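Notes to accompany the following structure.
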Amino acid sequence: MAEFTMPSLGADMDEGTLSQWLVHPGDQVARGDVVAVVETAKSAIEVECFHSGTVDALLVDEGTTVPVGTPLARIGTSAESRPTTDRPPSTPLVRRLAQDRHVDLAAVHGSGPGGRITRADVEHSEPEPERAPEHAKSAGSSQPLHTGIRRQPGTEPARRKRSGSGAEAKPAPTTRSTKPVRSDDSTGERPVPPRVKSSPLARRLATELGVDLAEVTGTGRGGTVRAEDVRSAPAAEGAPRPAVPDMARAATARLMSRSKREIPHFYLSTTVDMAAALEWMHARNRELPLSARLVPAALLFKAVALAARKVPELNGHWVDDGFVPAEEVRLGIAVSLRGGGLAAPSLAHADTLSVVEVMAALKDLVARARGGRLRASETADPSLTVTNLGDQGVEVVFGVVYPPQVALVGLGRIVERPVAVKGLLGVRPMVTATLSADHRAADGATGARLLTAMDRLLQRPEDL
Amino acid sequence: MSTRTRPRAHPDDDSVTYREALREGLREALASDDRVFLMGEDVGRYGGCFGVSLGLLEEFGPDRVRDTPLSESAFVGAGIGAALAGLRPVVEIMTVNFSLLALDQILNNAATLRHMSGGQLGVPLVIRMTTGAGRQLAAQHSHSLEGWYAHIPGLRVLAPATIDDARHVLSAALVDPDPVLLFEHGSLYNAAGILDPSVRSVDLDRAAVRREGTDVTVVAYGGCVSKALEAAEELAGEGISAEVVDLRTLRPLDDATFVGSVRRTHRAVVVDEGWRSGSLSAEIESRICEQAFFELDAPVERVCSAEVPVPYARRLEEAALPQPAGIVAAARRVVS
């Protein structure tokens, strides 16, 4: 038996709110599956499970705030806790059929080998009598959630609040005539609420406004929920928002105050000639499909990551009055959130990724950070953070170190400048890179090495 | 010849027809640039099958306004040769149906030479032709195949829908260093209106918003723009505010304009006189879904021609083509 506990999703996190369970007792989970959504001061984060097995019990209700380390669920890791079921054996196809026909499999006599229920058994059995309307009415509020394991973030606005245990739920008739959608997990029998038919705009609005689509009466064709229906619906109470700007602002405020209070900063700055890097990037872009095209930030980030590997004295954390170098380069990417505040999701092993991979990861991370859908593993403390304000038009950024890290690289806009090159005046694309560092952990000379290494790397972009 | 030169549909007012507007554009082009000449079947002595070039032979002489034999492939090919040699030919093909006889020249030569010569050879050729139905000319003179040409890289495909666009489209097309196809909808030739003196040119890169609205975007081009506007008027009476976007250029498509409009209205109806399967309307709908899926509040509707050869009989022809009533119905479906 293993315990799934409230994870620490950042150095400054000491408690978290379990906003949503994505599994139920009896569900099979595998290591890495997303099992819950935890609301931190910064954003809602999907939390992965570190054990494989069967969910035995959920110990904490949705909406409860608990300290880091509190057991949230028990997971049976071996045969000790098979899902408690007396269901006769059946194949997934048969279960699907039974669900479509509202047939309760427990009531069906299996005529196949070993009592297995066959297709014919389902076809010949009586469907369950229609349930009382109040059951159907409560579908949105008390029915178990769509499992959502491995689902793509954002595809289904996870808005339904659950109060019942859901352990003995049975296929329920739907409020609308839509067919129940089969869950994609292996247990199969557990019913899922019907997919609410809604327009893409309505879906997006529902997420933004915190409206539970299942609670909205659709007025479009075939009961489709339209934007207007969402706008006129009351916001779901206590629904988790993708990002809570005030909390994010508060978290950033706390962290930055701590940084400026505790860390004696020093700052270095250098200008880097980007001509070679950009020329190489443009050549590379000609070979790449449009979707994979590089932007200068990818090269700059990769250069920072490699420089961090060469200067390990700045790649790590200040813990208990001492510097602890990190074992890998986890590059933190400072992302400004809509509505204020900052998130710094991390790019693991940034120094070993190709520039194209860095580019892809960057796009993905930024989009999900802004959507408030980061994975727990991505919020684990970065070893060095980069803040790039070039696209905001500024030329130089002097950042604030993100504790407990000891350094932060700031990148400005690439600007064409007259520069003397080999005794001649030329116009070159130049970028100003700055380093803000913790003087307790390093000195100017160390910082200078990092910036110089970065500059050198960018002069040989083909080696990035 | 002055009376023949400028026949007036409405001699009492200042309005001009689409046909006259095109002719003014041609006259201006011929007068302002010695390299420009017009050729095609019956463009000279007959004055053009649709009367667009009436009087131009007398004004500019047989070197500049040339009748050609009935051989689309030959005279389009000659146009390509003349363009390569430094002239600015305007070639008229009677209808888009006949243009298929010159498709080899248009697709394999005009559209590809720039690419195949590594940029050394451009074909600054303008090809004008009639398209569309609505005049009881039966299947072989009534089809809307401009979407096929809009499929071809290397071409610019235009469909002027208004008097002002007809007046100024040619000068803009002649500036293009590559082949430009001009599709004139047959039902528009007699449409009349007052030229806007403030319009001096046509921006070929931009679609035009012909009517602003907030509830649904109706995307149309060429002969269907007026039907879309008519539908918008009727919808306004029901309290539905329709925005009408005139594509104006079918290739390259100005998706920024119509997608931008859909982002505001959240609903779209695409009107296309071509057949639905594999049509320009399919491309437009696809781009809307690719670029503004999460802005959509209803599936995109299409109003296209029935997938039959356009019938001769008037009632059947009307039934086969997109009509304002069909556009209104589609708009109602997307907003309700």
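The values are calculated or read from the model by the stated rules, or taken from the named source; none is laboratory data. Computed from a prediction, not measured in an experiment: that's the story for all the values here. Don't worry about glycine lacking a Cβ; one is built from the backbone with ideal geometry, like all the others, and counts go over all protein chains shown. Quick note on the areas: whole protein, heavy atoms, side chains included, nothing else; ligands and nucleic acids left out. Shrake-Rupley method; radii C 1.70, N 1.55, O 1.52, S 1.80 Å.
Estimated from the Cβ-Cβ distance and a Förster radius of 60 angstrom, the FRET efficiency linking B:ASP33 and A:VAL295 is about 0.85. When a/c is below 1.5 the answer is rounded, else prolate if a/b is larger than b/c, else oblate, so apply that to the protein assembly as shown with a ≥ b ≥ c taken from the square roots of the Cα gyration tensor eigenvalues. In terms of gyration-tensor shape, oblate.
Across peptide A:221-229, the average count of Cβ atoms from other chains found within 10 Å of a residue's Cβ is 3. In this structure, the amide hydrogen of A:SER269, modeled 1.01 Å from its nitrogen in the peptide plane, lies closer than 5 angstrom to those of A:LEU435, counting only residues at least 5 positions away or on a different chain. Charge tally around A:LEU201: other residues with Cβ under 15 Å, Lys/Arg +1 each, Asp/Glu -1 each, net +3.
Across the range B:147-161, computed HN-Hα scalar couplings (Karplus, 6.51 cos²θ - 1.76 cosθ + 1.60, θ = phi - 60°) run x, 5, 5, 5, 7, 8, x, x, 10, 10, 10, 10, 9, x, 10 Hz from first to last residue, x flagging Gly and Pro.
With a/c under 1.5 counting as rounded, go ahead and sort the range A:5-74 into rounded, prolate or oblate using the C-alpha gyration tensor (a ≥ b ≥ c being the square roots of the eigenvalues; past the cut-off, prolate if a/b is larger than b/c, else oblate). In terms of gyration-tensor shape, prolate.
Only lysine pairs 8 or more places apart, or on different chains, with alpha-carbon atoms under 24 angstrom apart are counted in the protein assembly as shown, and they number 15.
Here the Kirkwood formula puts the hydrodynamic radius of the range B:279-332 at 12.8 Å, using every distinct Cα pair. Local charge for A:PRO345 was computed over the other residues whose Cβ lies under 9 Å away, with Lys and Arg +1 and Asp and Glu -1, and equals +1. Based on the convex hull around the alpha carbon atoms, the range B:1-143 presents an average projected area of 9.6 nm².
If R0 equals 41 Å, the separation of the Cβ atoms of A:GLU15 and A:ASP104 corresponds to a calculated FRET efficiency of about 0.45.
In order along the range A:293-303, the phi-based Karplus estimate (6.51 cos²θ - 1.76 cosθ + 1.60, θ = phi - 60°) of 3J(HN,Hα) comes to 4, 8, 10, x, 4, 4, 5, 5, 5, 5, 5 Hz; Gly and Pro are listed as x.
Of the trypsin sites (Lys or Arg not before Pro) in the range B:179-219, the ones in a loop by DSSP (not H, G, I, E or B) with at most 11 other beta carbons within 10 Å are B:ARG200. Can you tell me the orientation of helix B:324-335 relative to chain B, as the angle in degrees between its alpha-carbon axis and the longest Cα principal axis, to the nearest 10? So the inclination is approximately 40 degrees.
Its relative contact order, with pairs defined as Cα atoms under 8 Å and 6+ residues apart, puts the range B:64-158 at 29 percent. Across the alpha-carbon atoms of the range A:303-447, the computed radius of gyration and Dmax are 16.1, 52 angstrom.
B:ILE106 contributes about 0 Å² of solvent-accessible surface, heavy atoms of the protein only, 1.4 Å probe. The long axis of helix B:18-32 is offset from the longest Cα principal axis of chain B by roughly 40 degrees. Where q = 0.17, 0.18, 0.25 Å⁻¹, what log10 of I(q)/I(0) comes from the Debye formula for the range A:383-438, counting one point per Cα? Evaluating at q = 0.17, 0.18, 0.25 Å⁻¹ gives log10 I(q)/I(0) of -0.59, -0.63, -0.87.
Between B:ARG200 and B:ASN108, the C-beta separation translates, for a Förster distance of 51 Å, into a calculated FRET efficiency of about 0.90. Net charge within 13 Å of A:PRO429 by Cβ-Cβ distance, Lys/Arg positive one each and Asp/Glu negative one each, not counting A:PRO429 itself? Neighbourhood net charge equals -1.
Which residue, B:GLY237, B:GLY40, B:GLY134, tops the fluctuation ranking in a GNM of chain B built on C-alpha contacts under 10 Å? Maximum among the listed residues: B:GLY237. Considering only the Cα atoms of chain B, their convex hull presents on average a projected area of 17.1 nm². Can you grab the distance from the C-alpha centre of the range B:125-179 to the C-alpha centre of the range B:71-92, Å, no decimals? When both Cα centres are located, 16 Å separates them. Database remark: amide H of A:GLY16 closer than 5 angstrom to the amide H of A:VAL66, A:VAL68 (H placed geometrically; neighbours at sequence offset of 5 or more, or on other chains; Pro and chain starts carry no H).
Phi-derived couplings, Karplus 6.51 cos²θ - 1.76 cosθ + 1.60 at θ = phi - 60°, listed residue by residue for the range B:239-247: x, 9, 9, 9, 9, 10, 9, 9, 4 Hz, with x used for Gly and Pro. Shape summary: the range B:247-336 maps onto an equivalent ellipsoid whose semi-axes, from the alpha-carbon gyration tensor, are 25, 15, 10 Å in decreasing order. Between the amide H of B:VAL65 and those of B:LEU38, distances stay under 5 Å, these residues lying 5 or more places away or on another chain, with hydrogens modeled in the peptide plane. Across the options A:LEU374, A:THR387, A:LEU450, the greatest Cα extent toward the positive end of the charge dipole of the range A:368-454 (unit charges at beta carbon of Lys, Arg, Asp, Glu) belongs to A:LEU374.
Counting only Cβ charges, +1 for Lys and Arg and -1 for Asp and Glu, the dipole size of the protein assembly as shown around its Cα centre is about 500 debye. Convex hull of alpha carbon positions in the range B:63-146: directionally averaged projected area 5.9 nm². Sorting B:41-54, B:174-187, A:51-64 by their mean Cβ neighbour count within 10 Å, with the most densely packed peptide first, gives B:174-187, B:41-54, A:51-64. Seen against the Cα atoms of chain B and their longest principal axis, helix B:224-237 is set at about 30 degrees. Looking only at B:GLU238, B:GLU146, B:GLU295, which one moves most when chain B is put into a Gaussian network model with springs between Cα atoms under 10 Å? Largest GNM mean-square fluctuation: B:GLU238. Sum -39500 (n - 2.57) across every DSSP H segment of at least 4 residues in chain B, then divide by the residue count to get the 222 nm mean residue ellipticity, nearest 500. Here the helix-only value at 222 nm equals -10000 deg cm²/dmol. The range B:219-284 and the range A:278-354 have their alpha-carbon centroids 45 Å apart.
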